Amino acid sequence: MTDLPLQNQIALVTGASRGIGAATAKALAAAGAHVVLTARTAKDLEAVETAIFDAGGSATIAPLDLAATDSIGRLAVALGERWPQLDILVLNAAMLGSLTPVPAIDPKELAQVLTLNVSAQAAMLTAFDPMLRASKRARIIGLTSSVGRTPRAYWGLYGASKAAFEVLLSAYGEEMERISTIRTAIVDPGATRTKMRARAYPGEDPVSVKAPDVVGDRIAALLIQDFDTGHFERVG
């Protein structure tokens with residue numbers, strides 16, 4: 001590793017045990033960042049950490065369930081004791097929920113999806129706000145979906161959660177723009193070969209859509225090139 005544009009930066013990636021989260025973590029580590037990997041399954045996180053180490057990068061795993069929002073505060077305290085700042089935050093973790101007509105949405109599932117896709121994201125911003133403000137150049141990227149902007153039949157549950165997440169993160173970005181170095185962006189990965197995609201489109205040939213690495217590499221490139229608050233893009 002000779003070109004390390006993100007050297008000495010601390011990055012935190014949620015949902016980093018597989019798919020887009022894992023690919024993004026590897027891309028950020030390859031660019032020199034020390035990446036904190038969070039997800040529920042320690043074994044899968046360890047596999048990503050090993051891949052990063054084998055490629056010459058550095059990472060730390062932090063298994064936790066984001067839906068248990070108390071754990072987010074504890075993670076922030078633990079990371080704050082080790083590092084004075086957080087330079088990069090990639091909010092990737094999300095739950096699809098059932099694809100169902102709006103009148104058939106189960107209230108309990110609605111609460112679960114909103115807890116992870118919205119409430120946990122708010123808790124992340126609250127818990128890590130001090131560390132982000134302490135960075136000389138803090139950048140946050142939130143992963144979204146086209147159904148958050150263009151409603152689609154049977155996708156009301158997931159789409160509503162993503163719309164709420166986009167507004168939440170974008171509002172935070174607007175609040176921080178003039179009083180800190182924090183900048184926020186929204187990225188729609190588009191059709192990507194993930195477990196969530198396979199669940200949503202069970203008859204689709206996985207090789208017909210792009211690999212998660214394409215998205216991870218684009219997110220790393222975006223962070224290296226930099227962006228202003230309000231940036232949005234869809235990865236083709």
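The values are calculated or read from the model by the stated rules, or taken from the named source; none is laboratory data. Fair warning: this is a prediction, and the values are worked out from it, not measured in the lab. Positions of Cβ are generated from backbone atoms using ideal geometry, with glycine treated the same way; all protein chains shown enter the neighbour counts. The accessibility values were calculated without ligands, DNA or RNA, using every heavy atom of the protein model including side chains. Shrake-Rupley method; radii C 1.70, N 1.55, O 1.52, S 1.80 Å.
Give the accessible surface of region 1-99 per residue, rounded to a whole number of Å², with probe radius 1.4 Å and ligands, DNA and RNA excluded.
On the way: 4150 Å² over 99 residues.
That works out to 42 Å² for each residue.
Would you mind working out the accessible area per residue for region 141-236, using a 1.4 Å probe, and quoting it in Å²?
Details: 4730 Å² over 96 residues.
That works out to 49 Å² for each residue.
At a 1.4 Å probe radius, carbon and sulfur cover how many percent of the accessible area of the chain?
Working: 5840 of 10880 Å².
Using a 1.4 Å probe with all protein chains present, the chain comes out at 54 percent carbon and sulfur.
Hey, what number do you get for the chain at 222 nm if only DSSP H runs of n ≥ 4 count, each worth -39500 (n - 2.57), divided across all residues, to the nearest 500? Each step should come with its number before you reach the end.
Details: 8 runs with 101 residues, N = 236.
After summing the helix terms and dividing by the residues of the chain, the value is -13500 deg cm²/dmol.
Take the alpha-carbon centre of region 94-141, take the same for region 1-27, and report the distance between them in whole Å.
That distance is 20 Å.
With each pseudo-label sitting 7 Å past Cα toward Cβ, what's the residue 104-residue 177 distance in nm, one decimal?
With each label placed 7 Å out from Cα toward Cβ, I get 4.2 nm.
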